[in-house]
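What follows is a short report on a single structure.
The values are calculated or read from the model by the stated rules, or taken from the named source; none is laboratory data. In this text, all values refer to a predicted model and were calculated from it rather than measured experimentally. With ideal geometry, Cβ positions are generated from the backbone for all residues, glycine too; neighbour counts draw on all protein chains shown. Please note that ligands, DNA and RNA were not included when accessible areas were found on the heavy atoms of the full protein model with its side chains. Shrake-Rupley method; radii C 1.70, N 1.55, O 1.52, S 1.80 Å.
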Amino acid sequence: MPNILLLANLNCDRVLQLDRPLTTGGRHYYADNGRRLGGGGANTGLGLIYAGHKVALVSQVGNDKTADWLLAEASIQGLDCSLLQRNDLDTPELLLVMTPDGERTIIRPQRPIFTLGPAPDFTQWQVLYINSSAVGCELWAQAALAHTLVIAQLAKDSRPRPCHVLISSKSDMQNHGIDVNNSDELWQYGQHIASHSLRYFIITDGAQGAVAYSEKAAVSVSSIAAQVIDTTGAGDAFASGLIDGLLAKQEIALAMKTGAEWAAIAVATASSIPGTELQQHLAK
């Protein structure tokens, strides 16, 4: 059973279902669908647990009843939360504003600064996955490179992310001013972020699928058709399927296909975290 260490957020999602798409200056009615476990730590980690992996989460939560609920829910689901840090702040809810077509808008306050301690012994871990803005992520990644597979999401501010596999989206690339039609420019940007340890730079594009760029070639996979109910966590599901595939020694194209399958199941599920649909898929 491979050990996977996730550097990612653990959120309390509050779901507000709108009666129609958001419009600037509009007046909207909503139904409060309650709170649910969310964040990249849960959304990515639970799928990997369902696939038989042992997953530990490094994150930060408050020291209040909401944080207690988060830890209890995550632990019940099988996440190892022993490495979580707690601060003295209240844990805010993250608002997920859902429209009838399944798209969501996220509203949250600024997160408090989270500073990592000394890096652990990475010989105990088969994968380090980074989807966090914690201070010190790049130091952990650098320490892990020689011992374990490091997979990272591109940060919003283009900070260094030493890794073997870097993941971003077409829209994020455009926001960074990168020409998404220029494979050489994409690869050079990926190496600038991830260092020369980079093996693949994966760019996702929703319904258009994903492309993995490498030093030698680009490999693309199509998305898988699904009835969209809730797009929350689709990118996290893609990442978890990709990790599962790479741990199974799949070639990059097949690992991305596994990610696409998990993402298709995620958007067809009315939940932030993976549900019984993914468990049934994995049981086949």
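Overview of values
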item	result
Segment 63-80 residues that are under 16 Å from Thr91 (Cβ atoms), paired with ones that are in a helix (DSSP H, G or I) (beta carbon under 9 Å, 6 or more apart)	Leu70/Ala42; Glu73/Ala42; Ala74/Gly41; Ala74/Ala42; Ala74/Gly45; Ala74/Leu46
Complete set of residues in segment 7-32 that are in contact (Cβ under 8 Å) with a residue 60 or more places away in the chain and more than 17 Å from the chain's Cα centre (by Cα)	Arg14, Val15, Leu16, Gln17, Leu18, Asp19, Arg20, Pro21, Leu22, Tyr30
Qualifying residues in segment 25-60 (those that are polar (S, T, N, Q) and buried (at least 21 other Cβ atoms within 10 Å of the Cβ)) - the one farthest from Gly78 (Cα to Cα)	Gln60
Ser168, sole failed condition from (1) free of Cβ contacts under 8 Å to residues at least 60 places away in the same chain; (2) out of contact with any Leu (no Cβ under 6 Å at 6 or more places or on another chain); (3) over 15 Å from Ala255 (Cβ atoms)	(2)
Failed condition for Leu94, given (1) in contact with a Cys (Cβ under 7 Å, 6 or more places away or on another chain); (2) open to solvent by 20 Å² or more (accessible area, probe 1.4 Å); (3) over 20 Å from Ser240 (Cα atoms)	(2)
Residues (aliphatic (A, V, I, L, M) and in contact with a Ser or Thr (Cβ under 7 Å, 6 or more places away or on another chain)) located in segment 239-263	Ala239, Leu242, Ala260
Enumeration of residues in segment 159-217 that are farther than 26 Å from Ala134 by Cα, of a type outside the set (A, V, I, L, M, F, W, C) and more than 18 Å from the chain's Cα centre (by Cα)	Asp179, Asn181, Asn182, Ser183, Asp184, Glu185, Gln208, Tyr213, Ser214, Glu215, Lys216
Cβ pairs under 9 Å, 6+ apart, first in segment 219-244 and at pLDDT below 85, second open to solvent by 50 Å² or more (accessible area, probe 1.4 Å) and of a type in the set (Val, Ile, Thr)	Thr232/Ile106
Number of the exception - Ile273 against (1) over 19 Å from Thr44 (Cα atoms); (2) of a type in the set (A, V, I, L, M, F, W, C); (3) in contact with a Lys or Arg (Cβ under 9 Å, 6 or more places away or on another chain)	(1)
